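Student: Take this structure first; my questions come after.
The values are calculated or read from the model by the stated rules, or taken from the named source; none is laboratory data. These numbers were taken from a predicted model, which means no experiment stands behind them. Glycine gets a Cβ as well: all are built from the backbone with ideal geometry, and neighbour counts include every protein chain shown.
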Amino acid sequence: MTTAPTVKRMKLRYAGTCSRCGVGIGAGVLADYDREAKTVACVGCAPRVALAEPVEPAEPAELTGPAEQSPAPQHAITPTEPVTLDAVDGLPGASARREFERRHDARQARVQANHPKIGKFLLAVFDDPQSIRAWEVGAVGEQALGEMLARSAGSELRVLHDRRIPKTRANIDHLAVCSSGVYVIDAKRYRDSRPQLRHFGGLLRPREELLYVGGRDRTKLVAGMHKQLGLVKAALADRPEVPVHGVLCFLDADWPVFGGSFVIGGVHVLWPKKLRAMLTEPGTLDADQIADLQWQLHEAFPRQNGK
């Protein structure tokens, strides 16, 4: 008993021809993609059934009137604009920027509503609180890292920015696909603060690793990265051979002249130039595999607001 091929319904990145009826299918059209046979088929076509013995073609029927050409088979395919992905897809920092503007505008409206006479004066004198400004700082960091990744992007390095995690309000800052695998990248901007790996415990209690930044415990960032890694690995469950790495990339941090980067809980902690060097190291994936992985991740984690 043979195992049925794995078929995935998806929007095609490239145009193809239906393996069942021979009709052309445009890029961006929903179709069935057979990963084993490397073929595509119309959604409306029934699978072909293999015949036990070949059947002789029937004689053409006699025409009693003017010759009429049989219409081509019609299928439920809705033409759409071709959907393709560039080496860099998405806008870095867009979600953080929108959240900053939403909170900033809400604060301004609240202050003016509560203090009609002096609201404008208060807003001019007092800046947004840190809880609001942090979103703007994060947006700037994501944008700066995105620009660095864009300068290295190409057929051997493809990048997805600001990806939505379905059924949540959360997002993934950056996804990079290169010859050495998939990298889930979280951009962090801590000015003049040094990331450090600290060890606690020993003889009397279990030894543990903690991430400190500027003298404060930030180990929760590692836990958050592990959640993102779990989601990305689940999206690539049919590609277990592809390595998936987690990265916390700190911008404007107080890194030492020598060394400084480290790994905690399997997550790399480093700076932008160190990340770029890591992404350009040789690996086993070729350009076609990299492009296919980028598209698969795009399907699992769409652009925020479809933009």
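Student: How many residues, within the stretch 145-170, are surrounded by fewer than 18 Cβ atoms within 10 Å (Cβ to Cβ) and farther than 18 Å from Met278 by Cα?
Tutor: Residues that pass the stated criteria total 6.
Student: From the set of residues in the stretch 219-244 that are more than 13 Å from the chain's Cα centre (by Cα) and in contact (Cβ under 8 Å) with a residue 60 or more places away in the chain, which is nearest to Asp286 (Cα to Cα)?
Tutor: Top of the filtered list is Val242.
Student: Further question on the same structure: Run down Val222, Val257 and say which single residue is over 28 Å from Asp86 (Cβ atoms), of a type outside the set (S, T, N, Q) and loosely packed, with under 15 Cβ neighbours inside 10 Å.
Tutor: Val257
Student: Now for a separate question. Output the number of residues of the stretch 201-242 satisfying the condition of being assigned to a strand (DSSP E or B) and among the acidic types (Asp, Glu).
Tutor: Counting residues in the stretch 201-242 that are assigned to a strand (DSSP E or B) and among the acidic types (Asp, Glu) gives 3.
Student: Considering only residues that are aromatic (Phe, Trp, Tyr) and modelled with pLDDT under 75, which ones fall in the stretch 14-55?
Tutor: Tyr14
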